[in-house]
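S.K.: Quick one: the structure is below, questions incoming.
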Amino acid sequence: MTKKPQTSKDAADKVVKTIRRKTRQTYSAEEKIRIVLAGLRGEESISVLCRREGIAESLYYSWSKEFLEAGKRRLSGDTARQATSPEVKDLRSEALALKECVADLTLENRLLKKSMTGAGEFEE
């Protein structure tokens with residue numbers, strides 16, 4: 001079976017998708033907070049704010065929900081920091097390395113103690 005050649009429309013769509021993916025804007029935490037606070041002030045409608053900032057309304061509402069939930073947790077006294085998955089993995093691997101180090105040193109210590117007591121037994 002031969003491969004169907006790509007049409008110019010398919011190739012153009014692929015190029016457009018690639019460009020959109022590479023030019024997608026990422027927002028810092030400060031920018032997200034600024035946008036959410038502008039929406040909470042209520043000086044302009046959410047749709048106008050989102051249009052001006054170039055974001056979807058659903059994105060604004062998800063940021064708003066995250067912002068309010070974080071504030072709620074902070075005010076309720078939940079100050080324990082949640083470790084992210086990479087942090088947990090790094091800490092686990094570090095703990096494993098330290099345990100192996102302790103095991104090696106313990107084994108070496110026992111061998112040295114045996115050799116010290118063993119040497120004294122055979123001397124006359």
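The values are calculated or read from the model by the stated rules, or taken from the named source; none is laboratory data. Note that the structure is a prediction, hence the values are computed from the model and not measured. Positions of Cβ are generated from backbone atoms using ideal geometry, with glycine treated the same way; all protein chains shown enter the neighbour counts.
S.K.: Which residue pairs have Cβ atoms closer than 7 Å, lie 6 or more positions apart in sequence or on different chains, and pair a first residue in region 36-59 that is surrounded by 12 or more Cβ atoms within 10 Å (Cβ to Cβ) with a second residue that is outside any helix (DSSP H, G or I)?
M.R.: From region 36-59, the pairs are C50/A56.
S.K.: For region 45-68, what are the residues that are among the hydroxyl-bearing types (S, T, Y) and over 20 Å from E30 (Cβ atoms)?
M.R.: Kept after step one, since they are among the hydroxyl-bearing types (S, T, Y), are these residues of region 45-68: 45, 47, 58, 60-62, 64.
Listed by number, the residues that qualify are S45, S47, S58.
S.K.: Shifting gears a bit: Need at least 2 residues that are under 24 Å from the mean Cα position of the chain (by Cα) and at pLDDT below 95 per element, so show me which helices (runs of 4 or more DSSP H) inside region 1-76 make the cut, counting only ones lying wholly within it.
M.R.: Output list reads 8-22, 29-41, 57-75.
S.K.: Every residue in region 77-116 that is at pLDDT below 85 and surrounded by fewer than 10 Cβ atoms within 10 Å (Cβ to Cβ), please.
M.R.: Result: G77, T79, A80, R81, Q82, T84, S85, P86.
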